[in-house]
Every structure is written in C-alpha cells, then in structure tokens.
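Please read the structure below before turning to the comments.
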Amino acid sequence: MPLDFTEVINAATEDESRPRRVRFSRARVWSSLLARLQTIGIYPVALDGAAVQRMKLTEAQADGLTCLGCNHPCGIGTAAFVPAGRVVGGSQVFRCITCIERGER
C-alpha cells in the first residue's frame, strides 16, 4: 500500500483558523517522517540464505517501510516488496521487484 502524506503536506496550506497546537503537531509528524527516511544506522541483518551482516540502513529501511536497494516506499507492480530478511531482534526487511530484477544487493 503506497504511503499517503496528503494530510501532512496540506497542513502548511491550511488556513490559520486551526489551533496553533494542531498545526505544529502536524509539522512535527512531517519532520519526524523525513528524519526516519534520512537517518542512517548500522544494523545486524540476517538476509535470507546468508549469514548475519552489518548493513548501513535508514530507519525506514530497518523498519521495513522502504526497499533495501533503492530506498523507495512499497508500491504496486514492480514497486511491490518481497521479504529479503530480518533485522536481528527487529522487523522484517524487504526489496522491491525492480531491484531484484536488476540484481542489486
């Protein structure tokens, strides 16, 4: 299912009749989301059919929200995800069909 950020993006274009607290909380949500897509850490990952490896991943990749190869969110068709392994002590990680077909690691 593609991620839908419409409400968060539209928060900046809304009129100022909304309480200030609501506008700022939406800005914080958006800021937090962008940080998760950019923050890089080193995670031990058990890829399917391979030993545990230490990999540099964004928080979104480590949480299984984006592809390990191209860092794009899950979609449909060639953007669909296939399980690729698991972060040790954490969530499952995925690769998109496009990256698998291109042979990217």
Stretchable slack from Gln92 to Ala35, in nm (0.36 nm times residue separation minus alpha-carbon distance): 18.5 nm
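What does the extension gain come out to for Ala51 and Ile76, with contour length at 0.36 nm per residue minus their alpha carbon separation?
Numbers: separation 25, 0.36 × 25 = 9.00 nm, distance 2.97 nm.
Additional length available on full extension: 6.0 nm.
List the equivalent ellipsoid semi-axes of segment 46-105 in whole Å, largest first, each obtained as the square root of 5λ for an eigenvalue λ of the Cα gyration tensor.
18, 13, 9
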Length released on extending from Ile100 to Glu59, taking residue separation times 0.36 nm less the Cα-Cα span: 12.6 nm
For segment 59-105, accessible area per residue (1.4 Å probe, heavy atoms of protein chains only), Å²: 53
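The values are calculated or read from the model by the stated rules, or taken from the named source; none is laboratory data. Just so we're clear, the structure is a prediction, and the values are computed from it rather than from any experiment. All accessible areas refer to the heavy atoms of the entire protein, side chains included, with ligands and DNA or RNA removed. Shrake-Rupley method; radii C 1.70, N 1.55, O 1.52, S 1.80 Å.
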